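Readers should treat all values here as calculations from the given coordinates under stated rules, not as data from a laboratory. These figures come from a predicted structure and were not determined experimentally. No Cβ is skipped: glycine too gets one built from the backbone with ideal geometry, and neighbour counts run over all protein chains shown.
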Amino acid sequence: MHYLAWRSLLMAATLLQMCSSRELEPNHSLPDKIIKLPGQPQVSFQQFSGYITVDRQKQRALFYYFAEAEMDPSTKPLVLWLNGGPGCSSVGVGAFSENGPFRPKGAVLVRNEYSWNKEANMLYLETPAGVGFSYSSDSSYYEGVNDKMTATDNLVFLQRWFTKFPQYKGRDLYITGESYAGHYVPQLAQLMVEFNKRERVFNLKGIALGNPVLEFATDFNSRAEFFWSHGLISDTTYKVFTSACNYSRYVGEYYRGSLSSICQRVMSQVTRETSRFVDKYDVTLDVCISSVLSQSMILSPQQVTERVDVCVEDETVNYLNRKDVQDALHAQLAGVTKWTVCSSVLEYELLNLEIPTISVVGSLVKAGIPVLVYSGDQDSVIPLTGSRTLVQRLANELALKTTVPYRVWFEGEQVGGWTQVYGDILSFATVRGASHEAPFSQPERSLVLFRAFLRGRPLPETFKYAP
Ligand SMILES: *[C@@H]1O[C@H](CO)[C@@H](O)[C@H](O)[C@H]1NC(C)=O
Ligand SMILES: *[C@@H]1O[C@H](CO)[C@@H](O)[C@H](O)[C@H]1NC(C)=O
């Protein structure tokens, strides 16, 4: 009797203690937990999404979607994924069309067998404010957003995200992304490296960049050769496109509002021959694989003005605009009436395009951060040849010796692409048959690439490779 009374008293005390310690430290991620997305198949991993405020006045909030690893999330790294534009959505493009766990199909979601959350805890961020569900309640913020502002907000976002998800603080962290994220990713990584000198918060283990803008003249001017060698333009046009007016000059003039007549003539000749009906993000695919995939705010100005929307209905756009989906995601539309792939309100400082980030990549390598630059080899927007030149040049500058000579790599029994590694820290790889959005068009090969990157291993050398 006595014994039992004591026991229940003790139990009550313990319970009380447990409750009060819970109260002291509430679980901040719980409100962001996604119960179930409409049309979603049953899964075993947890998903979260919601907002993180990034400024003092509480006017700007960035929206994220987080898919924990399919198995053993506590032993797997944290990977941030960013899409480009600037101004396009990592949730719409990255998560729901490229390497996330689901892809919308009509009213339902289907599993992506090659989702990157097989290997990592995947965090997708809509950035800067004004993109997707991310917003600034003071719309004057949207005028003249630049790379610096974006990188700063991204850094603050991650710091505060760790408050919501303390179990990920100190976890191995990788930053990945594509296209204009060739600016976002190195710039954010650099801020982290600097921040870590004062307080070691970010356990940054590497960055991966897919078809990235790293040095705009080299990247853009490799387009002419790509068009020419793939039969999209004639010998004559190739000549004027590399002498009279090249693409970097055209884009520079275009964004300064000072298009010369010679550039205008050359570009209309190029456009006439390539035709509007070839997808510049994958020259072998029929036009408009999906309007979701065009991260084209600045990368293809010609395309924006002359876009032919062959894909009338887009699955992701439809899905993310459903009220029940937005409710399930804890998302809201602020200052816009519709969720769009690329922002309609943001006025990004487009000439930031001309800031070279390859030097930032160099400083990261010097700081000991592994870097992978990969290229979907069917992309004419940021062709593999430009990226390969830039990586090779950087390796020379840093006096990094080739540790894996240029060779094929395998996915199963097929060639997945080519690769070269410098100093065991700087890698280049192509993804064979892939578009600008490699994980969309070559999901299997992209997953092999991602796995090797996370494990710090060279890409599989023989078709017998069993990961
Ligand atoms: C908070 O809740 C989430 C969702 O259930 C869970 O995964 C996580 O482990 C919890 N965190 C802590 C610190 O209890
Ligand atoms: C592109 O054009 C600019 C301006 O005419 C020139 O300075 C640059 O060298 C050209 N680049 C290439 C690769 O032809």
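Put simply, the amide H of Phe102, placed in the peptide plane, has neighbours under 5 Å in Asn112, leaving out anything fewer than 5 places away on its chain.
Between helix 384-397 and the chain there is an angle of about 80 degrees, using the helix long axis and the longest principal axis of the Cα atoms. For the chain, the antiparallel share of DSSP beta bridges with both residues in that region comes to about 55%. If you take the Cα centroid of the stretch 169-185 and the Cα centroid of the stretch 341-378, the two points sit 10 Å apart. Compared with the dominant principal axis of the Cα atoms in the chain, helix 261-274 is inclined by about 80°. Net length available on complete extension from Arg407 to Arg160 is 84.7 nm, with 0.36 nm assigned per residue and the Cα-Cα distance removed.
Taking Cβ atoms as reference points and 12 Å as the exclusive limit, the residues near Val185 contribute a net charge of -2, counting Lys and Arg as +1 and Asp and Glu as -1.
What the phi angles of the stretch 447-457 give under the Karplus curve with 6.51, -1.76 and 1.60, with θ = phi - 60°, is a coupling list of 5, 4, 4, 4, 4, 5, 4, 5, 8, x, 10 Hz, glycine and proline written as x.
Residue ranges 396-404, 376-384, 120-128 sort as 120-128, 376-384, 396-404 when ordered by packing (mean number of other C-beta atoms within 10 Å per residue, highest first). Mean residue ellipticity at 222 nm, helices only, the chain: -10500 deg cm²/dmol; runs of at least 4 DSSP H residues each add -39,500 (n - 2.57), and the sum is divided by the number of residues. Fewest neighbouring Cβ atoms within 10 Å first, the residues Lys197, Lys148, Lys280, Lys76 line up as Lys197, Lys148, Lys76, Lys280. Listed by Cβ neighbour count within 10 Å, with the fewest neighbours leading, Arg407, Arg322 appear as Arg407, Arg322. Exposure proxy ranking for His28, His330, His436, based on other Cβ atoms within 10 angstrom of each Cβ and starting from the fewest, stands as His28, His330, His436. Which pairs, out of Lys105/Lys280; Lys118/Lys280; Lys280/Lys323; Lys33/Lys118; Lys239/Lys280; Lys58/Lys164, put more than 28 Å between their alpha-carbon atoms? The pairs that break the limit, which is 28 Å between Cα atoms, are Lys118/Lys280; Lys280/Lys323.
Take the Cα of Arg393, go 7 Å toward its beta carbon, and the backbone nitrogen atoms of the stretch 334-362 under 15 Å from that spot belong to 354-362. Helix 147-164 and the longest principal axis of the C-alpha atoms of the chain enclose an angle of approximately 20°.
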